[in-house]
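The structure appears right after this line, and notes come after that.
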Amino acid sequence: MSKLNLANWEDQLVAPERVLNHIKPGMTVFIGTGPAAPRTLIRTLLDVDTHNIRDLELVQLTVQGETILSLDKMNAPNYRLKSFFAGYVAWDTISEGQVDLVPSYASEIPEIIKSRRIDVDVAFIQITPPNESGYCSLGLAVDVAREVMEKASLVVGEVNTEMPFTLGDTFVSIEEFDMLVRSDRDPVTYEPAPVSDVMKTVASNVASVIRDGDCINYAPGPLFEALVPYLSDKKDLGIHSLYFTDAAAELVNSGAVTNHRKSPFRGKSLASYALGTKELMKWLHKNPLVEFQGIDWVCNSRFIANNPQFTAIYEGRKADILGSVAFPIRGSVITGPTEGIDFYKGAEASRDGNTIVALPSRNDRGEPNIMVSIQNYGNQLRLRESVHVMVTEYGAAMLKWRPLRERAQAIIDIAHPDDREKLIKEARDRKIIYPNQIYVTRSAHLYPAHISYTKTFKGDKTVRFRAMKPSDEESMRRFFYRCSREMVFYRFFYSIKTMSHDKMQEYVNVDYAKEFSVVGFGGKKGEGKIIAEARLVTSDDGDMGEVAFLIDEEFQGAGIGTYLMDLLIVEGRNRGLRSLCAQVLSDNQPMIKVFEKTGLPLESRLESGVYQVSITIQK
């Protein structure tokens, strides 16, 4: 067909029904994806029933929203849909066998088109009106539009005046189209997902793992909507993402996203799709802060890995205690590991990269999301070694390079408190954890999650503090063996040469009804080691608390003991204790000074070389 040109493009607009006259039975028709779906052409195609509209193969990268071919629209003799991702209500059509879902990495799709493994005859592409130079913008979706336009024998543009003129590799000449139709429908919009209080807590815990300078991906869904307020105080974040959303724009506007440390496209957020409201479309119009590129760039793990500290974040549906994850089937655009694996591979190859899976500990029906096995759940990422961090509303489990037994215990620690005892039993039965692993039932709901602090001490020593968990057993055991005999004697008042599993698991399974324990971690988050522990044990009458400390020799003298004492004093007051006491060997002067520095009324007496020290903590 003769190509269009800038001078006559409006005169060449045709009715969408005329486009269908050029389609023959058996053709493969590519349809623009999601927000850039040519809705006028789609509606016309589905509504007609003429002799030539038979046995058509329709190709759409991802099936989203009302652009899907649902069961009531699919006429089996007329159409068959081929797609790579499934989202929203499209799963019905897939499960009915009327959609061919192609398993492939997102980064491979451009090559599938180029090599004609999927041979496209006709391309329906939504575009903006051309600018004064004759160039249109692909607007809200770039994906594989260029590859498809190069291979199709008939390229049809649906001109939509409401489509934002986005920047990047979005420019296509009006002369590249064989036919044009005018769109009579607005681009597809996506309203932000509702956010529950539980998801807000999950997001807060995810944000605690995100570092200044991280480059992250963004996607639709409640997790990402909830993340914005918790990331707004971060510095120099970057965005390299398949999707750009209203929440991502809000994060950019907060000043947290500068893209200064990312590469490629330094200074710009990178995406292939924009999914959001009309307000997002206005914000994106000719906005130089967002670079749109095809998925051959955006989903290429090698390019992703060029971003230092790339952190892949995904919302999960179910997870098992070894780290396998099932992605959502409904209510999320990405429902399988195809695109996720590209980003996980990129994160793993990135310098200081990270991967995070986040999910509520239970679903809306109150059913556990953390299970011993998720074998019967579809859409799984089975590469459990690719999951570095798992997050629920009960905390973040650091999993990278940990043995399966430790991974299981760490994930159980963030399961719903009412599910943990059953998980422990099932894990014991399957020999995933020690057969004699104990569990303090009443501590599940008493864990002081609010104890989460980071402080830098003398000598530029940064330490992260939280309450002790059962999964700290191995880290605590290694800490014990790093301590000198003198330190151990100061702490326990007798010589301990070994710390077996039986001894250590009793130590780390803290009964928070009677005790309180804080551990300090040095080094990078997720890779750090325990360098300090402080413990408070209340007396039977609830009037007094006995305290004890253990601090790595490399970190002594920096003020950590004083800081831990302050935490124990606050906890003692919250528990209504009148005083804190300790037995301190006479030559352990640093510990005596810790008590003296509190400035509280102090009583001390020496008996047989041991100071009986007590401070009054109630005002």
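Tally Lys and Arg at +1 and Asp and Glu at -1 over the other residues with C-beta under 13 Å from the C-beta of ASP502: what net charge comes out?
On the way: positive: ARG477, LYS503; negative: GLU473, GLU506.
Net of charged neighbours comes to 0.
For the listed peptides 436-446, 207-217, a ranking on the average number of other beta carbons within 10 Å per residue, highest first, reads 207-217, 436-446. Here, the chain has an Rg and a Dmax of 29.8, 104 Å when only alpha carbons are counted. To put it simply, the accessible area of segment 492-557 at a 1.4 Å probe is 47 percent carbon and sulfur.
When only Cα pairs under 8 Å and 6 or more residues apart are kept, what is the percent relative contact order across the chain?
On the way: 1394 pairs, mean separation 54.5, N = 619.
Computed value for the chain: 9 percent relative contact order.
For LYS593, the lysines whose Cα falls under 23 Å of its own Cα, not counting residues fewer than eight places away in the same chain, are LYS455, LYS458, LYS461, LYS619. Counting Lys and Arg as +1 and Asp and Glu as -1 over every other residue whose Cβ lies under 12 Å from the Cβ of GLU421, the net charge comes to +2. Taking the charge dipole of segment 504-617 about its Cα centre, with +1 at Lys and Arg Cβ atoms and -1 at Asp and Glu Cβ atoms, the residue from SER586, VAL510, THR598 reaching farthest to the positive side is THR598. A simple spin-label model places the labels of ASN574 and LEU602 2.5 nm from each other, with each point 7 Å out along Cα-to-Cβ. To the nearest 20 debye, what charge dipole does segment 526-617 have about its Cα centre, counting +1 at the Cβ of each Lys and Arg and -1 at the Cβ of each Asp and Glu? The calculated dipole for segment 526-617 is roughly 280 debye.
If you sort TRP283, TRP9, TRP401, TRP297 by accessible surface, 1.4 Å probe, largest first, the order is TRP401, TRP297, TRP283, TRP9. Within the chain, which DSSP H helices have Cα atoms that stretch 18 Å or more along the helix axis and a mean Kyte-Doolittle hydropathy of at least 0.0? Within the chain the helices that satisfy the rule are 560-574.
Sorting 299-307, 116-124 by their mean Cβ neighbour count within 10 Å, with the most densely packed peptide first, gives 299-307, 116-124. Under the classification rounded if a/c is under 1.5, otherwise prolate if a/b is larger than b/c and oblate if not, where does segment 181-297 fall, given a ≥ b ≥ c as square roots of the Cα gyration tensor eigenvalues? Oblate.
When ligands, DNA and RNA are left out and all protein chains stay put, how many square angstrom of accessible area per residue does segment 479-619 have with a 1.4 Å probe?
On a per-residue basis, segment 479-619 sits at 50 Å².
For segment 262-312, the share of accessible area belonging to carbon and sulfur comes to 51 percent (1.4 Å probe, ligands and nucleic acids excluded).
In the chain, the DSSP beta bridges split such that about 50 percent are antiparallel, to the nearest 5.
With charges only on Cβ, +1 for K and R and -1 for D and E, what is the dipole size of the chain about its Cα centre, in debye, rounded to 20?
Using only the charged Cβ atoms, the result is roughly 1800 debye.
Of the trypsin sites (Lys or Arg not before Pro) found in segment 236-269, those that fall in a DSSP loop while having at most 13 other beta-carbon atoms within 10 Å are ARG266.
Please go through the residue pairs LYS400/LYS514; LYS529/LYS597; LYS422/LYS529; LYS262/LYS318; LYS200/LYS318; LYS497/LYS525 and name each one whose alpha carbons sit more than 25 Å apart in this structure.
LYS400/LYS514; LYS529/LYS597; LYS422/LYS529; LYS262/LYS318; LYS497/LYS525, as the Cα separations exceed 25 Å there.
Computed from the C-beta positions of ASP352 and LYS282, the FRET efficiency with R₀ = 30 Å rounds to 0.25. Report the Cα centroid-to-centroid distance between segment 274-303 and segment 14-58 in angstrom, as an integer. Their Cα centres are 27 Å away from one another.
The values are calculated or read from the model by the stated rules, or taken from the named source; none is laboratory data. Remember, predicted model here, so these are calculated numbers, not experimental data. All Cβ positions, glycine included, derive from the backbone under ideal geometry; neighbour counts span all protein chains shown. Only protein heavy atoms, including side chains, enter the accessible area calculation; ligands, DNA and RNA are left aside. Shrake-Rupley method; radii C 1.70, N 1.55, O 1.52, S 1.80 Å.
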